[in-house]
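A short write-up of the structure that comes next.
The values are calculated or read from the model by the stated rules, or taken from the named source; none is laboratory data. All figures in this text were calculated on a predicted structure; none of them were measured in a lab. Cβ placement follows ideal geometry from the backbone for every residue including glycine, while neighbour counts extend to all protein chains displayed. The area values use the complete protein model at the heavy-atom level, side chains included, leaving out ligands, DNA and RNA. Shrake-Rupley method; radii C 1.70, N 1.55, O 1.52, S 1.80 Å.
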Amino acid sequence: APVLEVTAQQALREMRLSVPRNVEIRVTNISMPAALYSTADVCIQTSRYEGIGLPLMEAQACGLPVITTDAEPMRTLAPDLLVDVKYTEEIDLFCKKMKSSVCRWESIVERVHEVMGTDISDLSCQARERMTAEFSWGALGAEWYDALNSL
């Protein structure tokens with residue numbers, strides 16, 4: 001099986017995970033978020049519940065296509081490589097009811113196989129262009145400036 005490299009900031013013993021032989025965990029301390037994405041080809045960020053999804057945006061700003069959950073807000077932020085939701089449930093998080101979407105793990109595997117060994121340069125450009133067009137300072141700066149001036 002091909003090697004799947006995972007960059008983490010904690011050692012396996014701290015994460016209390018066991019991983020298959022074809023998964024390599026590289027523990028590193030990063031000073032800037034962009035460094036986390038500098039050696040990657042694709043970001044896998046499935047989520048059961050999410051706020052705005054800053055890692056989804058950071059990865060795409062660095063030109064990484066993102067494999068993520070086909071649920072909001074992930075599907076809006078990173079719509080290119082969505083994974084199927086197996087079921088949705090309501091959970092209590094910090095005494096607040098939230099919708100939680102659980103992915104089909106087989107769908108994650110399918111997406112990884114779909115991009116392995118293929119030219120993903122178009123997906124990389126789409127991801128970067130999406131962030132530049134919709135979420136960059138150039139796209140939102142005037143709006144933020146006006147909002148802050150109105151306070």
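Points worth noting:
- Computed with a 1.4 Å probe over protein heavy atoms only, the accessible area of Met32 comes to about 120 Å².
- Gain on full stretching of the segment that runs from Tyr145 to Arg104 - 0.36 nm per residue minus C-alpha separation: 10.6 nm
- Solvent-accessible area of Cys62, all protein chains in place: 60 Å² (probe radius 1.4 Å, heavy atoms, ligands and nucleic acids excluded).
- Shown for region 40-145: the carbon plus sulfur share of the solvent-accessible area, taken with all protein chains present and a 1.4 angstrom probe, equals 55%.
- Å² per residue, accessible surface of region 70-151 at 1.4 Å: 71 Å²
- Rounded to 0.05, the FRET efficiency of the Lys96 and Phe135 pair, given R0 = 30 Å and the Cβ-Cβ distance, is 0.70.
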